[in-house]
Number of protein chains: 2
Amino acid sequence: MELSERKKKVLRSVVDLYIRTAEPVGSKAIAELPDMKYSSATIRNEMAELTTMGYLEQPHTSAGRVPSASGYRLYVDELMMDYRLSVDETRSINSAIEEKMQRVDKMVEKVAHLVSQATNLPAISAGIRPAGATVKRFDLILAGQGSIILVLMLSDEQVVNKLIKLPLNVTETDLKLLSAVLNAAMTELDPASFTPELLDKVMRSAGAAASLVPVIVDFTAETLRSRAGTSVTVAGQSRLLGLPEYRDVDKAQRVLASMDGDILSELPAVMQGANGTRVLVGPENVADELKDTSVVMTKFDIGDGMQGLIGVVGPTRMDYAKITARLSYFAESLSKMFSKPETPQLPGSTGQPGIPAKKEPDNPDSKE
Amino acid sequence: MELSERKKKVLRSVVDLYIRTAEPVGSKAIAELPDMKYSSATIRNEMAELTTMGYLEQPHTSAGRVPSASGYRLYVDELMMDYRLSVDETRSINSAIEEKMQRVDKMVEKVAHLVSQATNLPAISAGIRPAGATVKRFDLILAGQGSIILVLMLSDEQVVNKLIKLPLNVTETDLKLLSAVLNAAMTELDPASFTPELLDKVMRSAGAAASLVPVIVDFTAETLRSRAGTSVTVAGQSRLLGLPEYRDVDKAQRVLASMDGDILSELPAVMQGANGTRVLVGPENVADELKDTSVVMTKFDIGDGMQGLIGVVGPTRMDYAKITARLSYFAESLSKMFSKPETPQLPGSTGQPGIPAKKEPDNPDSKE
DNA sequence: TTTTAGCACTCTTTCTTCATGAGTGCTAAG
DNA sequence: CTTAGCACTCATGAAGAAAGAGTGCTAAAA
């Protein structure tokens, strides 16, 4: 059933006001709003109806109204005005992101802090790498007495390495042979196929450096396995305590505790959805302790097949318009940053590398 | 001035009891303790004296006594009984640590959670890598069309790499030359010496692959610079809210907020001290918002010159004996783990790598 | 001389009671 | 259909009273 325009307007006003004040809002307060041209009595009637329809609720008989979960839902889906980021806001978000973020896991950590700061709410940030990488190429470098560096180039363009120290004298030629064997036998394989038989076969053809094989295979398998997975950071938890709804310590503790641990298990569910911003209002959250807490999350692409996710946790009464706007902008800026990498340049250097600018302008150097 | 034995006993009892109950303790409660053979009146007199001596304080005229900061100090330094970890406790700590911890930064994160769990308090964990690493060796690997892998071996045995993609045809020989030049000119240098002049010089002798030089140098400098520094994780913040002293939301928020940010700046100061466990009681903390909060920290060696640090934050009334015991044990176990690395083994594989089992510490692979 | 019992006194804590005021629902008039 | 008016409900806060815990001091007991 459709709501009348006036009902919508009232509902929107109630939510807006409640977001600001965190106190139940009464008919009079609404009636006094600048562009509300009805008396408090009329508003009262509308509010009574909105209440029976389930969009508002009353803490007790003679208190004002508070939006219900479905009230928020409607607000988020249809009523809320687009929040325009001010120049100041975009600028501060941009400059926050500008700082170089080197490795993905450091990045995750920084982003969490930035988002939390930008929204003044606890934030979570995650980098998710889908499983299924394989090794594209093995390289072995002799690095002095007894030290060998193993370099794996993975199918997703990541490069990882390991320093192996063995009391074993191998020559460069031995390593050449070994890496040839490895490249022939073990590329494009998922870790499940690393059977003892395979290991055996490789070792037999590996020549002098055969004793390296178990270490290498082990490391490779472990790397491929641990490659997938999610790194999550939570930041700004203390901001939650600044909000009136969390003066109740027990409540705050429940929410914070679930952020410390269980949130992880919720992420995949939300991840399923398309890219973009998702809002989970109160009871829509699976976890019980988040029943009167909302979550806003955005997923975006990092490149190299990785996905990023940022989100904030706050009271159902959070300023959805502002928060979603900031979050989306954040995600967008991050995506952009990852797709168009900064051009590396030594500060104060020639600036002109000295090669004729050969075609292919757009070559992302990837780092992991 | 020395305290009489009886005073010490009373003081210890007060602290012990207060740690348990979080309520001011009265003379009667002490007198009723099993091995206290004086009446409440006697205790009362002693407590009065302890109060004037500054070891106890009174919240108000007719309340029991509460230990003062110097009371805690004395307790920690002299009075507290050694807490013996039960078999169960050591076992659970050990099994928690057993799980393989691959990279140092992941490790830091996990340890924070473990410690927090073991103490039921918020915990911080840090890995600190002293500055001053240099490059020991450069290697360049050709990895298919336009892709080159740069591998740096650092003076602290870490290895890092970067995939460089350039629209540039270089041969293996070019790379050999370039790496020779790099190894000759740029090893054992700290990043400050990477001047434009140096860059220039290297580029001139670099031959066909000269255009790679700026990228390489830039990356190297950045790596060396960001190498030093601390990675910190805080975990279990929500546990703080379970404690009666933090029912006061504002107080809790101040403490949590300072953990979110400023703690970092405190760490170095404590780091100065020798290895081992340090206890900072309430006002001994530099930060103002930690004035009635205590911090217990332990420093330990990770190897490769890195230092680990674990600590917990809690009310001044924390169970110092238990906490310090657990923390020290934790640190010890971690040190041990890092000095005697697990033997890598392919599950289901030969089990006998076929080499004399002497193994050097195995190096967390670093990837960028 | 040291320890203990007794007691008046202080101050927090908790419970009641009461007044206030915000906000409602309903009715009747515009 | 809208609005003014009014009785009613219920949270909130202040004020006061009673209860209880713990103290300090004094005087008696060991």
Residue match in region B:83-94 (condition: away from chain A (no Cβ under 14 Å), within 16 Å of DNA strand D (Cβ to nearest atom), of a type in the set (Gly, Ala, Ser) and part of a loop (DSSP other than H, G, I, E, B)): no
Given the conditions (1) at pLDDT 95 or above; (2) buried (at least 17 other Cβ atoms within 10 Å of the Cβ), every one holds for A:ALA48 apart from (2)
Does B:TYR38 satisfy being away from DNA strand C (no atom under 16 Å from the Cβ) and aromatic (Phe, Trp, Tyr)? no
What do you reckon, is B:THR51 more than 14 Å from every other protein chain (Cβ to nearest Cβ) and near DNA strand C (Cβ under 9 Å from one of its atoms)? no
Looking at region B:58-67 only, could you name the residues that are within 17 Å of B:LEU17 (Cα to Cα) and either at pLDDT below 95 or within 9 Å of DNA strand D (Cβ to nearest atom) (or both)? B:GLN58, B:PRO59, B:ALA63, B:GLY64, B:ARG65
Residue among B:THR195, B:THR134, B:THR173 that alone is at pLDDT 85 or above and in contact with a Leu (Cβ under 9 Å, 6 or more places away or on another chain): B:THR134
Condition first: buried (at least 22 other Cβ atoms within 10 Å of the Cβ) and more than 8 Å from chain A (Cβ to nearest Cβ). Now tell me which residues in region B:145-157 satisfy that. B:ILE148, B:LEU150, B:LEU152
Please determine whether any residue of region A:19-31 is out of contact with any helix residue (DSSP H, G or I) (no Cβ under 7 Å at 6 or more places or on another chain), crowded, with 20+ Cβ neighbours inside 10 Å and assigned to a helix (DSSP H, G or I). yes
Going by the structure shown, is A:VAL135 crowded, with 23+ Cβ neighbours inside 10 Å, closer than 30 Å to B:VAL108 by Cα and in contact with a strand residue (DSSP E or B) (Cβ under 8 Å, 6 or more places away or on another chain)? no
Residue check, A:ALA96 against (1) touching a Leu at 6+ places or on another chain (Cβ under 6 Å); (2) at pLDDT below 85; (3) outside the structural domain of A:VAL312 (by TED's automatic domain parsing), all met but one. Which one? (3)
In this structure, is B:ALA48 free of Cβ contacts under 8 Å to residues at least 12 places away in the same chain, outside any loop (DSSP other than H, G, I, E, B), near DNA strand D (Cβ under 10 Å from one of its atoms) and within 41 Å of the chain's Cα centre (by Cα)? yes
(1) within 21 Å of B:ARG225 (Cβ to Cβ); (2) within 12 Å of chain A (Cβ to nearest Cβ); (3) not in a strand (DSSP E or B): which one isn't true of B:LYS106, the others all being true? (1)
For the subset of region B:236-263 comprising residues that are hydrophobic (A, V, I, L, M, F, W, C) and at the interface with chain A (Cβ under 7 Å from one of its Cβ atoms), which member is farthest from the chain's Cα centre (by Cα)? B:VAL249
Which condition from (1) buried (at least 17 other Cβ atoms within 10 Å of the Cβ); (2) assigned to a loop (DSSP other than H, G, I, E, B); (3) of a type in the set (Ser, Thr, Tyr) is the one that B:SER62 breaks? (1)
Verdict on A:ARG204 being within 13 Å of chain B (Cβ to nearest Cβ), more than 23 Å from B:ALA123 (Cα to Cα) and at pLDDT below 85: no
List pairs: first residue in region A:25-41 and away from chain B (no Cβ under 14 Å), second residue near DNA strand C (Cβ under 7 Å from one of its atoms) and in a loop (DSSP other than H, G, I, E, B) anywhere in the structure, Cβ distance under 6 angstrom, at least six positions apart or on different chains. A:VAL25/A:GLY64; A:GLY26/A:GLY64
Among the numbered criteria (1) in contact (Cβ under 8 Å) with a residue 40 or more places away in the chain; (2) surrounded by fewer than 21 Cβ atoms within 10 Å (Cβ to Cβ); (3) aliphatic (A, V, I, L, M); (4) not assigned by TED's automatic domain parsing to the domain that holds B:GLY236, which one does B:LEU142 miss? (1)
For residues that are acidic (Asp, Glu) and away from DNA strand D (no atom under 13 Å from the Cβ), tally how many sit in region B:12-45. 2
Considering each of B:ASN183, B:ASN161 in turn, give the residue that is within 23 Å of A:LYS176 (Cβ to Cβ) and at the interface with chain A (Cβ under 8 Å from one of its Cβ atoms). B:ASN161
Check B:LYS176 against each of (1) under 14 Å from B:VAL213 (Cα atoms); (2) under 35 Å from the mean Cα position of the chain (by Cα); (3) not aliphatic (A, V, I, L, M) and name the one condition it does not meet. (2)
B:ALA22 vs. criteria of a type outside the set (Lys, Arg) and either assigned by TED's automatic domain parsing to the domain that holds B:LYS322 or at pLDDT 95 or above (or both): no
Every residue from region B:4-19 that is charged (D, E, K, R) and without any contact (Cβ under 8 Å) to a residue 40 or more places away in the chain: B:GLU5, B:LYS9, B:ASP16
Restricting attention to region A:65-82, which residues are in a loop (DSSP other than H, G, I, E, B) and either of a type in the set (D, E, K, R) or within 10 Å of DNA strand C (Cβ to nearest atom) (or both)? A:ASP82
Output for region A:54-64, where each listed residue is within 6 Å of DNA strand C (Cβ to nearest atom) and within 19 Å of A:PRO315 (Cβ to Cβ): A:ALA63, A:GLY64
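The values are calculated or read from the model by the stated rules, or taken from the named source; none is laboratory data. Source: prediction; values computed, not measured. Glycine also receives a Cβ, built like all others from the backbone with ideal geometry; neighbour counts cover every protein chain displayed.
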